[in-house]
Ligand code: AMP
């Protein structure tokens, strides 16, 4: 199947697909849609976030909804609130012209709206297992008219400890008229066990790892010592064009420390980790979407399903031990045909993971060169040129400029005038350290000393 038109979709869904500007189906959609739009069947789809799986299950789930009945007919289970909100939002867009509404239900939010929404008779609920169990036990969630039960990121739900909850929900679902569609990035033993216990003759679709990774993402790795990582990270950010990215760390503590470190150095940054409450996570996401911060430092779990458009860089502060996380992480950039960079900081002890990742993703990782101060300086000069060219208030400045200024530049070449202004604006990049160096013998120059001090304190704080 090469186009959406080849499927006999209802005009309302075709309109929604056009609204979303989806032109061609993604590989998981091309394979799953013809099956899921056919006669009812259980289903296993192995595909990660970023592959278009939400529409792959959302479209057929919506096609099966009888809008003349105000009953719950579609249920999607997600591992995190962020993913639940995102999936619910996308189902709402897809279902808009059909008149189908989806209600997100997750822990940490008040019960009031959830009670009201469920009482009104929504067609679709997208939620996290714990809170759904709560509603099931209170009798506010009724599964007896369910037609489609979707497990999204089943591997994640299980590894986050939701196995019992999701099994309780599966057991509470009458199977005469319902199908179960299980989506997972990986088929772990536990996912297999859930599938074997609850699914009946499921059809299978697997998107191989190479297809999962956008081929427009460039994967680079940077060998470095652990202690140099903060400095290398800053250089990568400084040298990037319009950096808008995610930095992944292994632990919450590291996320917090790195966020503080980058904030202290003047970067606009915020963080996502498991200890943040729902309100502050939502605020962080909004700040990031509005580009009030240009980077988020996060742990894997906190960023599950995070779907933000136009992310230019995903940086692995360290390569994840779980190689599947690598695929999840870098799937956040280079979406919808855009290009992006995945950069990994690699210590000597983790270098052995590179060939394993290359094998798993069937793609090449290139060793990157850590940008020098000269690279960063050149980039800054290039960027400032645009501002320089469009500067409007210079005539007024020239009018006010006194004789002292005029005589200062009288005999000065033009390049020197510009160079002096650049050096004034970016002292950290253009500071002349060679003289200082010559005078003080082999003592490290001031900038290096400052960096050294900053990084030392960063590492001291962490231990
Ligand atoms: P998902 O894997 O469902 O999280 O989707 C990842 C991103 O791809 C989302 O921003 C979708 O809106 C987008 N997307 C899904 N299907 C398509 C498609 N056929 N064409 C273009 N973008 C798509």
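The values are calculated or read from the model by the stated rules, or taken from the named source; none is laboratory data. This structure is a prediction, so every number in the text was calculated from the model and none was measured. Methodologically, a virtual Cβ is constructed for each residue, glycine included, from the backbone with ideal geometry; neighbour enumeration extends over all protein chains shown.
Which residues, taken from the stretch 223-250, are part of a loop (DSSP other than H, G, I, E, B) and within 17 Å of residue 344 (Cβ to Cβ)?
Within the stretch 223-250, the first condition is being part of a loop (DSSP other than H, G, I, E, B), and the residues that meet it are 224-225, 240-244, 249-250.
If the condition is that a residue be part of a loop (DSSP other than H, G, I, E, B) and within 17 Å of residue 344 (Cβ to Cβ), then 224, 225, 240, 243, 249, 250 are the ones that fit.
Which is without any contact (Cβ under 8 Å) to a residue 40 or more places away in the chain and touching a strand residue (DSSP E or B) at 6+ places or on another chain (Cβ under 7 Å), of 271, 249?
Details: 249 fails: without any contact (Cβ under 8 Å) to a residue 40 or more places away in the chain.
It is 271.
Exactly one of (1) surrounded by 22 or more Cβ atoms within 10 Å (Cβ to Cβ); (2) at pLDDT 95 or above; (3) away from the ligand (no atom under 14 Å from the Cβ) is unmet by residue 81. Its number?
Of (1) surrounded by 22 or more Cβ atoms within 10 Å (Cβ to Cβ); (2) at pLDDT 95 or above; (3) away from the ligand (no atom under 14 Å from the Cβ), only one is false for residue 81: (2).
Table: residues versus (1) at pLDDT 75 or above; (2) farther than 30 Å from residue 162 by Cβ.
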| position | (1), (2) |
| --- | --- |
| 313 | yes, yes |
| 317 | yes, no |
| 326 | yes, no |
| 332 | no, no |
| 338 | no, yes |
| 343 | yes, yes |
| 359 | yes, yes |
| 363 | yes, yes |
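Identify, please: which residue in the stretch 20-32 is within 11 Å of the ligand (Cβ to nearest atom) and in a helix (DSSP H, G or I) and is, among those, farthest from the chain's Cα centre (by Cα)?
Residues of the stretch 20-32 that are within 11 Å of the ligand (Cβ to nearest atom), as a first pass: 20-30.
Of the ones still in play, those that are also in a helix (DSSP H, G or I) are 27-30.
Values: 27: 20, 28: 19, 29: 21, 30: 24 Å.
Ranking the qualifying residues of the stretch 20-32, first place goes to 30.
Kindly establish whether residue 310 is farther than 13 Å from residue 220 by Cα and part of a helix (DSSP H, G or I). Please lay out each step first, then the result.
On the way: farther than 13 Å from residue 220 by Cα: yes; part of a helix (DSSP H, G or I): no.
Against the criterion (farther than 13 Å from residue 220 by Cα and part of a helix (DSSP H, G or I)), residue 310 does not qualify.
Hey, among 282, 358, which residue is over 12 Å from the mean Cα position of the chain (by Cα), closer than 26 Å to residue 89 by Cβ and assigned to a helix (DSSP H, G or I)? Give the derivation first.
On the way: 358 fails: closer than 26 Å to residue 89 by Cβ.
None of the other options fit; the residue is 282.
Check whether at least one residue in the stretch 38-51 is more than 13 Å from the ligand (Cβ to nearest atom), more than 24 Å from residue 175 (Cα to Cα) and modelled with pLDDT of 95 or more, and report yes or no.
Checked the stretch 38-51: no residue is more than 13 Å from the ligand (Cβ to nearest atom), more than 24 Å from residue 175 (Cα to Cα) and modelled with pLDDT of 95 or more.
Please list, ordered by first then second residue, the pairs with beta carbon atoms under 9 Å, 6 or more apart or interchain, first in the stretch 35-63 and in the same structural domain as residue 325 (by TED's automatic domain parsing), second within 16 Å of the ligand (Cβ to nearest atom) and in a loop (DSSP other than H, G, I, E, B).
Between residues of the stretch 35-63 that are in the same structural domain as residue 325 (by TED's automatic domain parsing) and residues that are within 16 Å of the ligand (Cβ to nearest atom) and in a loop (DSSP other than H, G, I, E, B), there is no close pair.
Just give me the residues in the stretch 12-32 being without any contact (Cβ under 8 Å) to a residue 60 or more places away in the chain and surrounded by fewer than 23 Cβ atoms within 10 Å (Cβ to Cβ), in sequence order.
The initial filter retains those residues of the stretch 12-32 that are without any contact (Cβ under 8 Å) to a residue 60 or more places away in the chain, namely 14, 18, 21-26, 29-30.
Of everything in the stretch 12-32, those that are without any contact (Cβ under 8 Å) to a residue 60 or more places away in the chain and surrounded by fewer than 23 Cβ atoms within 10 Å (Cβ to Cβ) turn out to be 14, 18, 21, 22, 23, 24, 26, 30.
Name the pairs whose Cβ atoms lie under 7 Å apart, with the first residue in the stretch 187-203 and closer than 20 Å to residue 32 by Cα, the second part of a loop (DSSP other than H, G, I, E, B), and 6 or more positions between them or separate chains?
195/202; 199/42; 200/42; 201/42; 202/42; 203/41
Residues that are modelled with pLDDT of 85 or more and more than 25 Å from residue 234 (Cβ to Cβ): which helices (runs of 4 or more DSSP H) entirely in the stretch 387-436 hold 1 or more of them?
Those helices (runs of 4 or more DSSP H) span 394-400, 403-409, 414-425.
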